[in-house]
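Single-structure report; data block below.
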Amino acid sequence: MTRTTFPISYEFFPPKTPEGAEKLRAVRRQLAVRRPEFCSVTYGAGGSTQSGTFRLVQEIQQEGMSAASHFSCVGATRESVRAELRELQAMGIARLVALRGDLPSGYGLGGEFQYASDLVAFIRTEFGDAFHIEVAAYPEMHPQARSPDADLQAFAAKVQAGADSAITQYFYNADAYFRFVDNARALGLDVPVVPGIMPITSSTQLLRFSDACGAEVPRWIRLRLQGFGDDTASIKAFGLDVVTELCERLRSQGAPSLHFYTMNQSAAVLAISERLGL
Ligand SMILES: Cc1cc2nc3c(=O)[nH]c(=O)nc-3n(C[C@H](O)[C@H](O)[C@H](O)COP(=O)(O)OP(=O)(O)OC[C@H]3O[C@@H](n4cnc5c(N)ncnc54)[C@H](O)[C@@H]3O)c2cc1C
């Protein structure tokens with residue numbers, strides 16, 4: 001298939017072991033041929049540490065790809081955020097995914113930032129336009145939001161505080177994405193909203209993960225996955241069809257780009273890209 005220039009980006013998480021780091025280098029080499037716009041690295045998710053994030057963004061940057069650091073502010077102080085952002089700046093990192101982060105259980109008050117919008121405002125005040133700031137968007141609503149409207153207002157607050165663009169939580173219902181974008185546009189929010197794409201490679205992992213982050217796996221997909229039992233080849237083949245069709249629809253109906261949650265694996269993302277001609 002002819003390759004197009006439709007922009008894509010990848011997300012990785014910091015590996016916990018030297019073997020994981022080595023494996024991820026190979027994954028990056030395989031994925032780099034698709035010329036991503038940037039590669040982002042999660043921060044503080046799943047028990048990973050800030051130093052792991054910073055090491056990995058630096059390594060990606062040194063490999064010649066543009067790296068974006070996720071940056072969460074839960075429990076942080078202005079001073080700690082200032083110091084960490086200076087560190088990233090010194091490494092030449094110019095793109096951030098600015099997040100509140102997830103509250104550990106039992107987390108009470110503490111920290112000087114309540115919401116991601118506070119972080120975005122702080123970065124703009126302290127660092128001007130030194131960073132391109134991405135924020136998170138939730139087409140199917142953030143699980144802790146009071147209502148879809150309240151969540152849209154929270155998204156608006158991040159854009160008004162100075163976010164340049166957004167990456168969504170993953171979803172399998174394209175209508176939810178297009179509705180979210182329409183609602184954002186109706187509020188005058190014109191930043192690009194890039195769909196986050198989660199390949200489907202395993203049934204139990206996907207269902208567990210989706211329940212935790214509030215992403216909906218439609219009933220028909222759930223039932224098909226359950227029907228495959230332990231037949232991983234069928235799960236992967238089905239997942240490839242479903243996610244490729246989703247990406248095709250998003251691309252043809254106006255999504256500005258696609259951000260792949262790689263889960264530090266290359267096979268599914270490469271297969272989807274191949275089918276899409278990316
Ligand atoms: C693209 C993407 C990348 C992510 N990367 C990471 C990562 O690297 N590390 C990590 O730990 N987590 C990550 N997450 C998960 C994220 O940290 C969680 O979803 C977190 O619970 C919310 O972060 P946020 O930045 O969206 O928060 P916010 O935008 O602050 O929203 C959090 C909640 O507060 C509500 N809210 C916001 N402002 C207000 C207000 N003024 N008044 C009342 N309610 C308000 C919102 O509706 C929402 O329910 C990522 C999520 C996405 C979509």
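Brief remarks on what is shown
- Enumeration of residues in the range 139-169 that are more than 19 Å from Tyr261 (Cα to Cα) and among the aliphatic types (A, V, I, L, M): Ala145, Ala150, Leu152, Ala154, Ala156, Ala157, Val159, Ala161, Ala163
- For the range 112-129, the set of residues classified as crowded, with 16+ Cβ neighbours inside 10 Å and either more than 7 Å from the ligand (Cβ to nearest atom) or without any contact (Cβ under 8 Å) to a residue 24 or more places away in the chain (or both) consists of Phe113, Asp118, Leu119, Val120, Ala121, Phe122, Ile123, Arg124, Phe127, listed by residue number.
- Members of the range 134-158 found to be among the hydrophobic types (A, V, I, L, M, F, W, C), within 8 Å of the ligand (Cβ to nearest atom) and farther than 13 Å from Gln169 by Cα, listed by number: Ala145, Ala150, Ala154, Ala157
- Within the range 52-67, the set of residues being part of a loop (DSSP other than H, G, I, E, B), among the small types (Gly, Ala, Ser) and touching a residue at least 24 places away in the same chain (Cβ under 8 Å) comprises Ser66 only.
- The range 177-211, subset more than 23 Å from Met263 (Cα to Cα) and buried (at least 16 other Cβ atoms within 10 Å of the Cβ), residue farthest from the ligand (Cβ to nearest atom): Phe178
- Among the numbered conditions (1) modelled with pLDDT of 95 or more; (2) within 17 Å of the chain's Cα centre (by Cα), the only one that Gly101 does not meet is (1).
The values are calculated or read from the model by the stated rules, or taken from the named source; none is laboratory data. Owing to the predicted nature of the structure, the values given are computational and were not obtained by experimental measurement. Don't worry about glycine lacking a Cβ; one is built from the backbone with ideal geometry, like all the others, and counts go over all protein chains shown.
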